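Engineer: Here it is, the structure, as structure tokens.
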Amino acid sequence: MTRMIMYFNLRSGVGEEEFVGKVKELFGYLEGKVEGLGSVKLYRHDFFGANPRMYQVHWEMRDFGALDRWVAFVKKDAEAARLFQENWWKLIDMGTHYDEFVREIPL
């Protein structure tokens, strides 16, 4: 199992309630539409480190191919593209975000 983890802050003037509503709308629409994509979890932090990020999204993916299938889906599905652009990227401060992919190593 692979996870995409995104660390970020909201843009100035965007409230948490608005953001959570848009996240539910986006990921609710995507649910079950792309093979290999799993659950999404949203976390809020109370500041940490020298360059704090308030939020994290953890998105489960069965394999790295799921990310390719998701990108292709967003490119061909107008509603997914609209939700992702209007309801996600416009709410996140992209100047402070970073992404990482992590894979669990079974012991």
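The values are calculated or read from the model by the stated rules, or taken from the named source; none is laboratory data. On a predicted model such as this, the values are computed, not experimentally measured, just so you know. Cβ placement follows ideal geometry from the backbone for every residue including glycine, while neighbour counts extend to all protein chains displayed.
Engineer: Answer with yes or no whether Asp46 is surrounded by 12 or more Cβ atoms within 10 Å (Cβ to Cβ) and either in contact with a Gly (Cβ under 9 Å, 6 or more places away or on another chain) or at pLDDT below 90 (or both).
Structural biologist: On the way: surrounded by 12 or more Cβ atoms within 10 Å (Cβ to Cβ): no; either in contact with a Gly (Cβ under 9 Å, 6 or more places away or on another chain) or at pLDDT below 90 (or both): yes.
In short, no.
Engineer: Let me ask something else about it. Taking the residues in the range 53-72 that are more than 12 Å from the chain's Cα centre (by Cα) and acidic (Asp, Glu) as candidates, determine which candidate is modelled with the lowest pLDDT.
Structural biologist: Asp63
Engineer: Kindly indicate the residue of the range 63-87 that is of a type in the set (A, V, I, L, M) and crowded, with 16+ Cβ neighbours inside 10 Å and also nearest to Glu16 (Cα to Cα) among those meeting that condition. Even if it seems obvious, please write down each step before you answer.
Structural biologist: Restricting attention to the range 63-87, the residues satisfying the condition of being of a type in the set (A, V, I, L, M) are 66-67, 71-72, 74, 78, 80-81, 83.
If we keep only those that are crowded, with 16+ Cβ neighbours inside 10 Å too, we end up with 66-67, 74, 80, 83.
On the way: Ala66: 28, Leu67: 26, Val74: 25, Ala80: 22, Leu83: 17 Å.
The extreme case among them is Leu83.
Engineer: Still on this structure, I have one more. Just checking, does the range 97-104 include any residue being free of Cβ contacts under 8 Å to residues at least 12 places away in the same chain, of a type in the set (Lys, Arg) and either farther than 16 Å from Asn9 by Cβ or part of a helix (DSSP H, G or I) (or both)?
Structural biologist: No, there is no match, as no residue in the range 97-104 is free of Cβ contacts under 8 Å to residues at least 12 places away in the same chain, of a type in the set (Lys, Arg) and either farther than 16 Å from Asn9 by Cβ or part of a helix (DSSP H, G or I) (or both).
Engineer: Oh, and also: Cβ contacts < 6 Å: first residue in contact (Cβ under 8 Å) with a residue 12 or more places away in the chain, restricted to the range 6-20; second residue among the hydroxyl-bearing types (Ser, Thr, Tyr) and surrounded by fewer than 16 Cβ atoms within 10 Å (Cβ to Cβ), any location; separation 6+ or different chain. Result?
Structural biologist: Between residues of the range 6-20 that are in contact (Cβ under 8 Å) with a residue 12 or more places away in the chain and residues that are among the hydroxyl-bearing types (Ser, Thr, Tyr) and surrounded by fewer than 16 Cβ atoms within 10 Å (Cβ to Cβ), the close pairs are Tyr7/Tyr98; Asn9/Thr96.
Engineer: Within the range 73-95, can you find the residues that are at pLDDT below 85 and out of contact with any helix residue (DSSP H, G or I) (no Cβ under 7 Å at 6 or more places or on another chain)?
Structural biologist: The answer is Glu86, Trp89.
Engineer: Same structure, new question: Name every residue in the range 79-93 that is under 16 Å from Leu26 (Cβ atoms) and in a loop (DSSP other than H, G, I, E, B), in order of residue number. If you could, list the steps in order and put the result at the bottom.
Structural biologist: Going through the range 79-93, the residues under 16 Å from Leu26 (Cβ atoms) turn out to be 79-92.
Lys90, Leu91, listed by residue number.
Engineer: For the condition in contact with an Asp or Glu (Cβ under 7 Å, 6 or more places away or on another chain) and either of a type in the set (A, V, I, L, M) or on the phi > 0 side of the Ramachandran plot (or both), what is the one hit in Leu107, Leu83?
Structural biologist: On the way: Leu107 fails: in contact with an Asp or Glu (Cβ under 7 Å, 6 or more places away or on another chain).
Every option except Leu83 fails the conditions.
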